[in-house]
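Participant: Below you'll find the structure I mean.
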Amino acid sequence: MATTPQPAAFGSTPWGKDWIRRVEPIAVTRPNPMLPRARSLVRNDAVAVDHNKVGEFRCVVSAGKKSETAVLSLPRYSATERKSVLRILARHTRGGATSGDLPDEVHAELIARKLSPVPDATEASCTCSGRIDPCLHVTAATYAVGLIVDQMPTSALAVRGVDLSATSGPADFPRRWMSIESLDSTAFFG
């Protein structure tokens, strides 16, 4: 018997669930009719994260014949907050955070220390002329970012300005290994 592939689960980790809660709050007064359409756009690859840089996720959403750009803006962590986040990462990650995955314990500690990866001050904008806030495009972009963060939680911290390379380095290598950057090529090859 052939099984059909299951659609992607939105918010399957605490990292992605933070994003999904932005469009699906726990305390809702009425259902949002845009949610099924927004999820469908993401599942049908109609949402592309066009640019991912510090402070924002820029997504191009193709709904029908038009494409709109939705921007989700987040404030950067302050220098003190960044140091706290890096200390938490160092405590919970052995081989560094270079794989993109982070344990759920890191997320729980960030929330407990008021260092949420998705702050309340997150802003959204869109190029469409829709009057509903958030519009379909911002809602679909939020679902797309939720999937990305589910698959690679480090992106939730990188967009807030945490330099994840600071958590990895020569200490992540076994003692018998050495970083290739530490070799002098002329001395090594003769």
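The values are calculated or read from the model by the stated rules, or taken from the named source; none is laboratory data. In this text the structure is predicted, and so the values were computed from the model without any measurement. Cβ coordinates were reconstructed from backbone atoms using ideal geometry, including for glycine residues, and neighbour counts include every protein chain displayed. To get the accessible areas, we keep the full protein, side chains included, count just its heavy atoms, and leave off ligands, DNA and RNA. Shrake-Rupley method; radii C 1.70, N 1.55, O 1.52, S 1.80 Å.
Participant: Take the residues of region 9-61 that are outside any helix (DSSP H, G or I) and of a type in the set (Lys, Arg): which is farthest from Val106 (Cα to Cα)? Quick ask: steps written out before the conclusion?
Facilitator: Applying the first criterion (outside any helix (DSSP H, G or I)) to region 9-61 yields 9-13, 24-34, 44-61.
So of that shortlist, the ones also of a type in the set (Lys, Arg) come out as 30, 53, 58.
Values: Arg30: 33, Lys53: 22, Arg58: 26 Å.
If we take residues in region 9-61 being outside any helix (DSSP H, G or I) and of a type in the set (Lys, Arg), then Arg30 is farthest from Val106 (Cα to Cα).
Participant: In addition: Which pairs do you get when a residue that is closer than 30 Å to Ser84 by Cβ, found in region 117-136, comes within reach of a residue that is among the acidic types (Asp, Glu) and part of a loop (DSSP other than H, G, I, E, B), reach meaning Cβ atoms under 9 angstrom, with the pair 6+ apart or on two chains?
Facilitator: From region 117-136, the pairs are Ala124/Asp133.
Participant: Identify all residues within region 62-78 that are touching a strand residue (DSSP E or B) at 6+ places or on another chain (Cβ under 6 Å), of a type outside the set (A, V, I, L, M) and either under 27 Å from Ser116 (Cα atoms) or part of a helix (DSSP H, G or I) (or both); write none if there are none.
Facilitator: Result: Thr69, Ser73.
Participant: Return yes when Cys135 is modelled with pLDDT of 75 or more, touching a His at 6+ places or on another chain (Cβ under 6 Å) and within 24 Å of Asp45 (Cα to Cα) and no when it is not.
Facilitator: no
Participant: Now, a different point. Among the candidates Asp50, Asp45, which residue alone is open to solvent by 40 Å² or more (accessible area, probe 1.4 Å), within 14 Å of the chain's Cα centre (by Cα) and among the acidic types (Asp, Glu)?
Facilitator: Testing whether each residue is open to solvent by 40 Å² or more (accessible area, probe 1.4 Å), within 14 Å of the chain's Cα centre (by Cα) and among the acidic types (Asp, Glu) leaves just Asp50.
Participant: Then there's this: Would you pick out the residues in region 79-93 that are open to solvent by 20 Å² or more (accessible area, probe 1.4 Å) and within 12 Å of Leu115 (Cβ to Cβ)?
Facilitator: Thr80, Glu81, Arg82, Lys83, Ser84, Leu86, Arg87
Participant: A follow-up question, please. On the given criteria, is Ala108 touching a Pro at 6+ places or on another chain (Cβ under 9 Å), small (Gly, Ala, Ser) and open to solvent by 40 Å² or more (accessible area, probe 1.4 Å)? Walk me through how you get there before you give the answer.
Facilitator: Details: touching a Pro at 6+ places or on another chain (Cβ under 9 Å): yes; small (Gly, Ala, Ser): yes; open to solvent by 40 Å² or more (accessible area, probe 1.4 Å): yes.
Spelling it out, Ala108 is indeed touching a Pro at 6+ places or on another chain (Cβ under 9 Å), small (Gly, Ala, Ser) and open to solvent by 40 Å² or more (accessible area, probe 1.4 Å).
Participant: Which of the residues spanning region 14-42 are β-branched (Val, Ile, Thr) and either open to solvent by 50 Å² or more (accessible area, probe 1.4 Å) or under 16 Å from Thr127 (Cα atoms) (or both)?
Facilitator: Ile26, Val28, Thr29
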